[in-house]
Amino acid sequence: MPQPLSWRNARPAPHWPEIQRRLRPPRLPAWVHVWWPALLWAGVIFSASTDTFSSEHTRWVFEPILRWLVPSLTEDQFSTIHRFIRKSAHVTEYFVFCLLLYRGVRGDRKGWRWTWRLAALFCASGYSVLDEIHQAFVASRTASGYDSLLDSMGALAAFGALWMWFRWRRSIREAEIEASKAPST
């Protein structure tokens, strides 16, 4: 009677479903999932403070549009509207940035805390200062403390919007709890 070969593995080769369970795709660290929008938006803000988005270049974009909408627009009126659009962009971009920073600081935790909001607000305000310092080194841009203040006001507006949002959600939740406790008739 022939002897079985001792070096041979008696276990059959694994099938695809068995291998598939063992091969998991590489996972990104958890912090990447919550921070990537804020980091991407910081890059957008950084690129917006380059020569590409200087007043001369945005004028080239907005002037034909505004002149088409209002043909009788004077140069002073256009300059006022153009300045308003540019300053509104400061407020808007840092409003969004503060919301995204809050999302990152909060992580996967639920609810809200003042410390999370303050961290997002201070990070946005600090980044606005760094943004203005960056603009000081761009030839066609100027650094302005007023622009940094506008940026911080946009972040503060996001802070207020978050506060109202969570307060509203809490009042709805409390109303649902009260409704569930009420005796049914």
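The values are calculated or read from the model by the stated rules, or taken from the named source; none is laboratory data. Keep in mind it's a predicted model, so treat the numbers as computed, not measured. Heads up, the Cβs are rebuilt from the backbone with ideal geometry, glycines too, and the neighbour counts pull from every protein chain shown. We work out accessible area using only protein heavy atoms, side chains counted, and drop any ligands, DNA or RNA first. Shrake-Rupley method; radii C 1.70, N 1.55, O 1.52, S 1.80 Å.
Side notes on the structure shown:
Results for (1) farther than 22 Å from residue 143 by Cα; (2) among the aliphatic types (A, V, I, L, M); (3) more than 22 Å from the chain's Cα centre (by Cα); (4) surrounded by fewer than 15 Cβ atoms within 10 Å (Cβ to Cβ), shown as yes or no for each residue.
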{"position": "13", "(1), (2), (3), (4)": "yes, yes, yes, yes"}
{"position": "24", "(1), (2), (3), (4)": "yes, no, yes, yes"}
{"position": "52", "(1), (2), (3), (4)": "no, no, no, yes"}
{"position": "82", "(1), (2), (3), (4)": "no, no, yes, no"}
{"position": "95", "(1), (2), (3), (4)": "no, no, no, no"}
{"position": "104", "(1), (2), (3), (4)": "yes, no, no, no"}
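- Near pairs, Cβ below 8 angstrom, 6+ apart or cross-chain, from region 161-185 (touching a residue at least 60 places away in the same chain (Cβ under 8 Å) and among the small types (Gly, Ala, Ser)) to any residue that is open to solvent by less than 100 Å² (accessible area, probe 1.4 Å) and part of a helix (DSSP H, G or I): 161/95; 161/99
- Residue in region 63-79 that is open to solvent by 60 Å² or more (accessible area, probe 1.4 Å) and within 25 Å of residue 157 (Cβ to Cβ) present: no
- Residue check, residue 58 at pLDDT below 90 and part of a helix (DSSP H, G or I): yes
- Residues satisfying the criterion are present in region 130-152 (criterion: part of a helix (DSSP H, G or I), closer than 23 Å to residue 165 by Cβ and free of Cβ contacts under 8 Å to residues at least 60 places away in the same chain).
- Cβ-Cβ contacts under 9 Å between residues 6 or more apart (or on different chains), taken from a first residue in region 23-51 that is part of a helix (DSSP H, G or I) to a second residue that is among the charged types (D, E, K, R) and loosely packed, with under 11 Cβ neighbours inside 10 Å, are listed as 30/108; 33/108; 34/108.
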